[in-house]
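All remarks here apply to the structure that follows.
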Amino acid sequence: MLRRLLFRLLVTFCCLLLPLPAASAQQVVQAESGSGSWLIGLPPGSRTPPRTIYRSPQLQGPMPTNDWWSSLAWMPLSEAMYPHPLAVQTVPAGLQIAYPGPSITANQAAIFGHIGGPGSDLILGHSEVTSFPEATVDSFSDWFVTARMQREQHSLLLTFGHGSPYVFAVCAGGHPTVSFKTPPRIETTDAPPQVLVVSVLNRHYALIAPTGSRWTGQGTTRLSTDTAGKNWLTIAVLPDESPATLQLLLRHAAAHVVDSQVTWEYLPQENRVRTEFRITTTAREGTEHDTLMCLYPHQWRFTESRLTDLQYASIRGPLKVLQGHQFETLHTLPPLLPALPLLSRQSRSDIVPLLQADLATPPQLHGDTYWLGKQLGKWSVLMPLAEQAAQPELAAECQQRIRAVLEDFLTAHGTDGNVTRPAESLFAWDPVWHSLIGLPASYGSDDQLNDHHFHYGYFLHAAAQLALRDREWGLRWKQSLLMLVRDIASADRADPMFPFLRCFDPWAGHSWASGHARFGDGNNNESSSEALNAWFGILLLGEALQDQQLRDLGAWMLAVEAAAIDDYWFDVRDELCPPSWPASVVTMVWGGKGANATWFSDNPEEVHGINFLPVTSASFYLGRHPGYPQRNFNALVQENAARDRNDGRRFDRWADIMWMYQALSDPAEAAQAWHSRPADFQPETGNSQAATFAWISLFQQLGTLDCSDSADTPWTVSFQNENEHTSLIWNLSDVPRTVRFQNTQTVECPPRTLKVFTRPR
């Protein structure tokens, strides 16, 4: 413990001493224990994120990136931010506030819930300032942020966050103002005189000043309040015009949020994760400390907390309102296995020539962290298949390739102890943004801090597979591997090197891909499946290293994001997307829209497939809702037919991924398509012929997924066909264990083996 503390202090001290910009100096830092090293500072010539972070001087330490509000830290005045139900943006005149819910639309391209044009609905400003030069991050917590807008002695502190119908303001050196494009209608209510209820564009807001305050400017485009010398103001969006709703919003308006924290717990005996959300407020007046929280569908579906009858509309579906300061959710882990199984003697025989073909090409051991990462993912799936097929030479080849790439990347120096030249196949830590950047980079993973969880997830999955077979290797390289984990999802708020949960948004329930979120639609996340691959890698690495904290972190993020994917990417219950939305899937989730597109292609196979790949033993979640995979695959076929003017089933890109997805609902047809493939067929870059065969043949043999009866271990997948029910249970531990299903059925499982348990249906 003391050594760890001293190491942290040393790293922090080094960071303070490093000159900026970081690209001008680098030093190799050796892992405190075990093997591996990384750079502090990026090599000369490297592309770096901006050297300026827009934050208040007192705010030091790691700055969150890849968040819904990240543009606030990356630019003088932010792009639109979508905490929901509100949308906000810092503009020269102050904070633009809007409620997109009532005007959500959809067409073939996207579901739209934009903030609207400049000044729509209203702008919260300052009586003495017509134009602020910038907005800075003044403070933040797990899903709230406070922005500071200041000119000389005049300032606004503006607090807003996920799930809050309020914006909280503190004004210094003047009075708060609320401006509109046209004079708003002042509603007649029984509210006290310090409260104005205004209607603009058929949206209703309560402007709530301290007791004794006076409002001026009625009938004009600019309202102002003296705040009775107390300097605070709360703006609340109202979901309806009910007097009872107004009174409820008023009751909590003076309880300004000052902190938000998430905690989690993995419950192995239930195979579930518990998440607790807790908000801390300060009472600007009165004694009320509770607030109102608008829960997303993936939250309100899985909480036992009592909800009010209020709802807000949002791009994510209805937000249901909870009154209080704390609530919990419980999510079940989706079915998982540590590797794809080969259950029959025939399958173990048939796969051998496929394995040989997949590994016949000389390996590419150098490249950027994404495309080389996909190769790591491919070999990580092939290695256990080769072991099961009794092909030790092929398994050893996979292991050798994985080991070579990982050890190369996890070592930043050559044999002379100096930085490798050229500076590639290494990780470098940027002391400005407190981020670990893999070199060579791609897709803005360096200068924009994009996609780190997509890239590093492949590395972590590969490392976990090695560590399962060689725990000594895993422990030797653990500290270096944890640098990757900490970069994308540090579980320690006091981590001096990385922000808390960089890529994972605990309230939204999913990850964000853009480091900066400098888009009019807010942040975005495209490949939900690659995000899950990252959390699977963390979970599996925790199991391999017998690190409970690491295991629990991966289990939590995987369970929650799988639920979010069900709702916001796939809408598996067909409840959340507008009726005018014609597509079967949202392939890119944005703060202000849901798009049926990718960054790189309009081909339906790739549009759909980017949320399937990589198909691994963690991909069974794709089929846990009966009926949806068939509906989604049929939509894919229709879209493909319309584009290619054929029957829609002749896939010219990623055909293997399409067949693997089809196997979830129709394994016989998928198998027929697979066996009819051209002789020169090439799988998707990160996939393989052997993996495609193993996946399809598994479903062909056992039927479709049955998730109705979970067990007290995540490493269980159940199937059913017309005749029987089969559960696959993989005991990763070194001791025998009894696995208990919810139906009270128990199965004895030997250590480090796959148990196949079959019973009549």
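The values are calculated or read from the model by the stated rules, or taken from the named source; none is laboratory data. Remember, predicted model here, so these are calculated numbers, not experimental data. Because the Cβ atoms are built from the backbone with ideal geometry, glycine has one as well, and the counts that use them run over all protein chains shown.
Taking every residue in region 740-755 that is in the same structural domain as Asp712 (by TED's automatic domain parsing) and charged (D, E, K, R) and pairing it with any residue that is in a loop (DSSP other than H, G, I, E, B) and surrounded by 14 or more Cβ atoms within 10 Å (Cβ to Cβ), at least 6 positions away or on another chain, the pairs with Cβ-Cβ distances below 7 Å are Arg740/Asp712; Arg752/Leu732. Against the conditions (1) at pLDDT 95 or above; (2) part of a helix (DSSP H, G or I); (3) surrounded by 20 or more Cβ atoms within 10 Å (Cβ to Cβ), Arg631 satisfies every one except (3). With the structure loaded, tell me whether Ala464 is assigned to a helix (DSSP H, G or I) and more than 30 Å from Met63 (Cα to Cα) or whether it fails that test. No; evaluated as a whole, the condition is false for this residue.
Just one of the listed residues (Ser103, Ser127, Ser120, Ser131) is over 25 Å from Arg185 (Cα atoms) and either of a type outside the set (Phe, Trp, Tyr) or touching an Asp or Glu at 6+ places or on another chain (Cβ under 6 Å) (or both), and it is Ser131.
Matching residues to (1) surrounded by 16 or more Cβ atoms within 10 Å (Cβ to Cβ); (2) touching an Asp or Glu at 6+ places or on another chain (Cβ under 9 Å):
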residue	(1), (2)
Arg284	yes, no
Glu304	no, yes
Ser314	yes, no
Leu319	yes, no
Thr329	yes, yes
Thr332	yes, yes
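I'd like to check which strands (runs of 3 or more DSSP E) are fully inside region 156-219 and have at least 2 residues that are farther than 25 Å from Pro243 by Cβ.
Values: elements: 166-172, 176-179, 195-200, 203-208.
Result: 166-172, 176-179.
Mind counting the residues in region 121-136 that are out of contact with any helix residue (DSSP H, G or I) (no Cβ under 9 Å at 6 or more places or on another chain) and crowded, with 19+ Cβ neighbours inside 10 Å?
First, pick out the residues of region 121-136 that are out of contact with any helix residue (DSSP H, G or I) (no Cβ under 9 Å at 6 or more places or on another chain): 121-134.
Adding the requirement that they be crowded, with 19+ Cβ neighbours inside 10 Å leaves 121-126, 129, 132.
The total comes to 8.
Table: residues versus (1) in the same structural domain as Ala98 (by TED's automatic domain parsing); (2) outside any helix (DSSP H, G or I); (3) crowded, with 19+ Cβ neighbours inside 10 Å; (4) touching a helix residue (DSSP H, G or I) at 6+ places or on another chain (Cβ under 7 Å).
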residue: Glu561; (1), (2), (3), (4): no, no, yes, yes
residue: Ala564; (1), (2), (3), (4): no, no, yes, yes
residue: Asp567; (1), (2), (3), (4): no, no, yes, yes
residue: Asp571; (1), (2), (3), (4): no, yes, yes, no
residue: Glu575; (1), (2), (3), (4): no, yes, no, no
residue: Pro578; (1), (2), (3), (4): no, yes, no, no
residue: Pro582; (1), (2), (3), (4): no, yes, no, no
residue: Trp599; (1), (2), (3), (4): no, yes, no, no
residue: Val607; (1), (2), (3), (4): no, no, yes, no
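Taking region 651-689 as the region of interest, how many residues are in a helix (DSSP H, G or I) and either under 31 Å from the mean Cα position of the chain (by Cα) or in contact (Cβ under 8 Å) with a residue 12 or more places away in the chain (or both)?
Applying the first criterion (in a helix (DSSP H, G or I)) to region 651-689 yields 655-662, 667-675, 689.
Those still in the list that are either under 31 Å from the mean Cα position of the chain (by Cα) or in contact (Cβ under 8 Å) with a residue 12 or more places away in the chain (or both) too: 655-662, 667-668, 670-671, 673-674, 689.
Residues meeting the conditions: 15.
Within region 340-359, restricting attention to residues that are touching a residue at least 60 places away in the same chain (Cβ under 8 Å) and more than 16 Å from Phe699 (Cβ to Cβ), the residue that is surrounded by the fewest Cβ atoms within 10 Å (Cβ to Cβ) is Ala357.
It is to be established whether one or more residues within region 244-263 are out of contact with any strand residue (DSSP E or B) (no Cβ under 9 Å at 6 or more places or on another chain), surrounded by fewer than 19 Cβ atoms within 10 Å (Cβ to Cβ) and not in a strand (DSSP E or B). Steps first, please.
To start, the set of residues in region 244-263 that are out of contact with any strand residue (DSSP E or B) (no Cβ under 9 Å at 6 or more places or on another chain) comprises 244, 247.
With the extra rule that they be surrounded by fewer than 19 Cβ atoms within 10 Å (Cβ to Cβ), the set shrinks to 244, 247.
Cutting the leftovers down to not in a strand (DSSP E or B) gives us 244, 247.
Yes, the conditions are met somewhere in region 244-263.
Test Ser139 against the stated conditions and say whether it is hydroxyl-bearing (Ser, Thr, Tyr), out of contact with any Lys or Arg (no Cβ under 6 Å at 6 or more places or on another chain) and surrounded by fewer than 23 Cβ atoms within 10 Å (Cβ to Cβ). Judged against the criteria, Ser139 is a match. Within region 299-320, the set of residues being under 21 Å from Val88 (Cβ atoms) and assigned to a loop (DSSP other than H, G, I, E, B) comprises Leu310, Ala313, Ser314, Ile315, Arg316, Gly317, Pro318. Per this entry, Ala464 is not counted among residues that are without any contact (Cβ under 8 Å) to a residue 60 or more places away in the chain, in the same structural domain as Ser527 (by TED's automatic domain parsing) and touching a Pro at 6+ places or on another chain (Cβ under 9 Å).
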